[in-house]
Amino acid sequence: MELPDYRLAVPRYYTLPRAELRALADERLRTQLRYVYATTPFWRRKLDAAGVEPARFRGLDDLDRLPFCTKQELQENQAAHPPFGSYVASDRRRGLPSSRTALSASPSVTLPARSV
């Protein structure tokens, strides 16, 4: 399964009627949940334990059903499944984005000189 290539800075998103914006948020949350469930053993176990079925998840109305995790859970999982843990949903064949890649996608981001 692959996530759609969502664009975030789309000018029309800033003027969408509330109902359309809500529908867009619901659709993206459902898509993200299906993706995480299909690609990460850690979150699949957490969602199963909480009784959350991606196919029946409605969107923002069901947000309170999503399980939380602690930093300790993530650290323990990463120690048990090095180097990144079983909770990372990135496609490992494509690699993780570098800082340079992430910043070049957002040219309006300004960093203090000491951060560069």
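The values are calculated or read from the model by the stated rules, or taken from the named source; none is laboratory data. Quick caveat: nothing in here was measured; it's all calculated off a predicted structure. Counting neighbours? That spans all protein chains shown, and the Cβs are built from the backbone with ideal geometry, glycine included.
Tabulated data for the structure shown
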{"quantity": "Which numbered condition VAL52 fails, given (1) at pLDDT below 95; (2) not in a helix (DSSP H, G or I)", "calculated": "(1)"}
{"quantity": "Meets criteria (outside any helix (DSSP H, G or I) and touching a helix residue (DSSP H, G or I) at 6+ places or on another chain (Cβ under 8 Å)) for ARG22", "calculated": "no"}
{"quantity": "Residues satisfying the stated conditions in segment 54-82, i.e. closer than 16 Å to ARG28 by Cα and not aromatic (Phe, Trp, Tyr)", "calculated": "PRO54, ALA55, ARG56, ARG58, GLY59, LEU60, ASP61, ASP62, LEU63, LEU66"}
{"quantity": "Residues (surrounded by 14 or more Cβ atoms within 10 Å (Cβ to Cβ) and not in a loop (DSSP other than H, G, I, E, B)) located in segment 75-91", "calculated": "ASN77, GLN78"}
{"quantity": "Qualifying residue in segment 12-29 (condition: exposed (fewer than 14 other Cβ atoms within 10 Å of the Cβ), among the aromatic types (Phe, Trp, Tyr) and within 22 Å of ALA89 (Cβ to Cβ))", "calculated": "no"}
